[in-house]
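Structure record follows, encoded as structure tokens.
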Amino acid sequence: MSKLAIDVKGLRKKFGSHVVLNGIDISVPVGTVYALLGPNGAGKTTLIHILSTLVAPDEGSVKVAGYDVVSEKNKVKQSISLTGQFAAVDEMLTSEENLQMICRLSGLTIAESRTRTDELLKHFDLTAAAKKLVKTYSGGMRRRLDLAISLVVSRPVLFLDEPTTGLDTISRRALWEIILQLKAQGITIFLTTQYLEEADQLADRIAVINGGHVVASGTANDLKSKLGGEVIELHNSNEELIGTVSTTGTIHDIRLSLNELALKYPQETRVSIRKPSLDDVFLLLTSKKLEESLS
Amino acid sequence: MTNITPRAFTKSSSFGLTNAVFIGRSIRLSLRNTEALIMAIMLPVMLMLLFTYVFGGAIDPGGNYVNYVVPGIILLCAGFGSASTAVDVAHDMTNGIIDRFRTMPIQSLSVITGHVVASLARNSLATAVVIGVAFLVGFRPSANAIEWLAALGIIILFILTFTWLFAAIGLVSGSPSAASSYGFALLFLPYLSSAFVPTDTMPNWLQGVANHQPITPVIETIRGLLTGTPIHDQAWWAIGWCSFILLTSLIWCFIAFQKKAGRR
């Protein structure tokens, strides 16, 4: 068995009477990227807060880098870096000052701080803006600075809470590239995201949480194959999607579905068949849960 | 993009260094917040002029009111100045940065210490401005060097006490604007004290409040030290009140900071 960077068993957490996490089991092998998917309010951020020692669990065992998040808090803190959902930077400082501050807090000397700051500014393409106040930065620049700050010293486990929310496509791809580089260095990365494409691109394993439970986990392909075969998509003459139907992928099943659809939709409806995407999985898993909780 | 070099480092910064870094941060932030800084300097000047030239003539036609009111203005400004600590602390607690500090292997409560020290520095400056302007408008204290030092000591104790109190208020309030309004409520205390008029001119029921709240003994002590009015046991009351509020606020801060973990 490979070593686990994150090992969560039977985790429960409630705030007041509101149960946020209701028996979570997660294990993340060292050096892999793990993505946590879930709708808003599913408990993703709470889980990250528990893993990063900010919030204490009510029940269950939670180990990060081999240390218990409750009894060995300080050891955990020495092993992790957190990039939270809101860019954790000082707006009224420059990126250089932000970085130097964290360097100093991480135990680097003044000279070391300077070198490391320059190195990180250069790597994250912030050198030109180094002496400008962060409040003048774009969302993408803030995120890059945020990530740069998280990498002042290398910790074995990196938490990223919705790292690319609100970023444009170019910034998002640039960030993905950095995340993959970090993985290549052996850093374990635990991220939450609302973008299924992001999980698909980056993660070795994915867990979908909803209503406080892990409703599915596995590789992106595992999850997709849960839906079985092919998805039939129907478009009208304006190329607008007007319906999707999941099939098992056999010729028999597709033919039956098409027969049915031919009766329901106008003649000019166009048909295409594709592999299920993570979005389909996500919608299926989370909407099923939603229906259950409503009934 | 070049590959980022990993940098292993297990050592973390010492307690002293952590505090120094956070103090540097807060002072830098204070200097960058120009509007607040100008307010902190201008307000004392405006109040001093207002009380001396606008109200002073009516309260004490003899023109000696400036000698009476200076300690009051000093405390009022110190109060205003410390109140901004609540806003600064609340701002930090609602911003993601606090989560970063908390997940680092450092004493993260030092963030608050940083704000407190910056407030002490800001308010000492404001106090110096008040005293300077007071001299310009005719303040003539009778204090010798030792009395001056004692008075400054009480003023600094007062600033420290109220800064920690406002830091605690900043920790428990949900947002910077909430922190600001709680702070505002507390700033009525100086008006209900002997800061601007002697308490025996107030109705009886109000005298009870005015004579038994923390500001009055502090004012009376500073006034006595600077202008030679009788102090009696007011100095002990002043130190007692301040120490009590300071200790309570420190404990309150500590508990609130631990409790606030990860909740927004």
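The values are calculated or read from the model by the stated rules, or taken from the named source; none is laboratory data. In this text the structure is predicted, and so the values were computed from the model without any measurement. Every residue, glycine as well, gets a Cβ built from its backbone with ideal geometry; the counts of neighbours run over all protein chains shown. Surface accessibility is based on the protein's heavy atoms, side chains included, excluding ligands, DNA and RNA. Shrake-Rupley method; radii C 1.70, N 1.55, O 1.52, S 1.80 Å.
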### Options B:Thr216, B:Thr248, B:Thr229; residue that is crowded, with 19+ Cβ neighbours inside 10 Å and hydroxyl-bearing (Ser, Thr, Tyr)
B:Thr216
### Task
Please name all residue pairs, on different chains or six or more residues apart, with Cβ atoms under 7 Å, provided the first residue is in the range A:229-245 and is under 18 Å from A:Val281 (Cβ atoms) and in the same structural domain as A:Ser257 (by TED's automatic domain parsing) and the second residue is of a type in the set (Asp, Glu) and not in a strand (DSSP E or B).
A:Val231/A:Asp280
### Some residue of the range A:253-267 being surrounded by fewer than 18 Cβ atoms within 10 Å (Cβ to Cβ) and touching a helix residue (DSSP H, G or I) at 6+ places or on another chain (Cβ under 9 Å)
no
### Query
How about the range B:221-264: which of its residues are among the small types (Gly, Ala, Ser), farther than 30 Å from B:Ser110 by Cβ and either within 14 Å of chain A (Cβ to nearest Cβ) or out of contact with any Ser or Thr (no Cβ under 7 Å at 6 or more places or on another chain) (or both)?
B:Gly224
## Note on the structure
Note: among B:Val209, B:Val137, B:Val172, just one is under 19 Å from B:Met48 (Cβ atoms) and either modelled with pLDDT of 90 or more or surrounded by fewer than 23 Cβ atoms within 10 Å (Cβ to Cβ) (or both), namely B:Val137
#### Entry: Which numbered condition B:Leu157 misses (of (1) in a loop (DSSP other than H, G, I, E, B); (2) open to solvent by 20 Å² or more (accessible area, probe 1.4 Å))
(1)
### Which numbered condition B:Gly62 misses (of (1) more than 28 Å from A:Val157 (Cα to Cα); (2) open to solvent by less than 20 Å² (accessible area, probe 1.4 Å); (3) not basic (Lys, Arg))
(2)
### Query
If you go through the range A:131-165 one residue at a time, how many are among the aromatic types (Phe, Trp, Tyr) and more than 21 Å from A:His49 (Cβ to Cβ)?
1
### Message
Condition check: hydrophobic (A, V, I, L, M, F, W, C), closer than 22 Å to B:Asp99 by Cα and either surrounded by fewer than 21 Cβ atoms within 10 Å (Cβ to Cβ) or free of Cβ contacts under 8 Å to residues at least 24 places away in the same chain (or both). Does A:Leu133 satisfy that?
### Response
yes
### Task
Report, by residue number, each residue of the range A:218-252 that is farther than 15 Å from A:Ser272 by Cα and part of a helix (DSSP H, G or I).
A:Ala220, A:Asn221, A:Asp222, A:Leu223, A:Lys224, A:Ser225, A:Lys226, A:His252
### Summary
The lone condition A:Val62 fails out of (1) touching a helix residue (DSSP H, G or I) at 6+ places or on another chain (Cβ under 7 Å); (2) among the hydrophobic types (A, V, I, L, M, F, W, C); (3) open to solvent by 50 Å² or more (accessible area, probe 1.4 Å) is (3)
### Query
Which one of the conditions (1) touching a strand residue (DSSP E or B) at 6+ places or on another chain (Cβ under 7 Å); (2) away from chain B (no Cβ under 11 Å); (3) within 20 Å of B:Pro105 (Cβ to Cβ) does A:Pro163 fail to meet, given that it meets all the rest?
(3)
### Query
Among the numbered criteria (1) open to solvent by 10 Å² or more (accessible area, probe 1.4 Å); (2) in a strand (DSSP E or B); (3) within 24 Å of A:Lys183 (Cα to Cα), which single criterion is violated by A:Val8?
(1)
### Query
Restricting the search to the range B:10-35, which residues are within 19 Å of the chain's Cα centre (by Cα), away from chain A (no Cβ under 11 Å) and among the hydrophobic types (A, V, I, L, M, F, W, C)?
B:Ile23, B:Ile27
### Output for the range B:1-28, where each listed residue is in contact with a helix residue (DSSP H, G or I) (Cβ under 7 Å, 6 or more places away or on another chain), of a type in the set (Ser, Thr, Tyr) and modelled with pLDDT of 70 or more
B:Ser13, B:Thr18, B:Ser26
### Boolean, A:Leu37 is within 22 Å of the chain's Cα centre (by Cα), over 27 Å from B:Gly24 (Cβ atoms) and either open to solvent by less than 10 Å² (accessible area, probe 1.4 Å) or at the interface with another protein chain (Cβ under 8 Å from one of its Cβ atoms) (or both)
yes
### Query
Residue check: is A:Ser52 within 7 Å of chain B (Cβ to nearest Cβ), of a type in the set (Ser, Thr, Tyr) and more than 23 Å from A:Val208 (Cα to Cα)?
no
### Task
Report yes if A:Asp125 is at the interface with chain B (Cβ under 8 Å from one of its Cβ atoms) and either at pLDDT below 90 or surrounded by fewer than 19 Cβ atoms within 10 Å (Cβ to Cβ) (or both), otherwise no.
yes
### Query
From A:Val70, A:Val76, which residue is under 29 Å from A:Val8 (Cβ atoms) and either crowded, with 21+ Cβ neighbours inside 10 Å or at the interface with chain B (Cβ under 10 Å from one of its Cβ atoms) (or both)?
A:Val76
### Message
Looking at the structure I just gave you, is A:Gln201 open to solvent by 50 Å² or more (accessible area, probe 1.4 Å), touching a strand residue (DSSP E or B) at 6+ places or on another chain (Cβ under 8 Å), closer than 20 Å to A:Lys44 by Cβ and of a type outside the set (D, E, K, R)?
### Response
no
### Task
Only residues that are more than 8 Å from chain B (Cβ to nearest Cβ) and either of a type in the set (A, V, I, L, M) or open to solvent by 20 Å² or more (accessible area, probe 1.4 Å) (or both): list them for the range A:92-119, please.
A:Glu96, A:Leu99, A:Gln100, A:Thr109, A:Ile110, A:Ala111, A:Glu112, A:Arg114, A:Thr115, A:Asp118
### Query
If you check B:Gly57 against the conditions, is it open to solvent by 10 Å² or more (accessible area, probe 1.4 Å), outside any helix (DSSP H, G or I) and either of a type in the set (Ser, Thr, Tyr) or over 20 Å from B:Phe162 (Cβ atoms) (or both)?
no
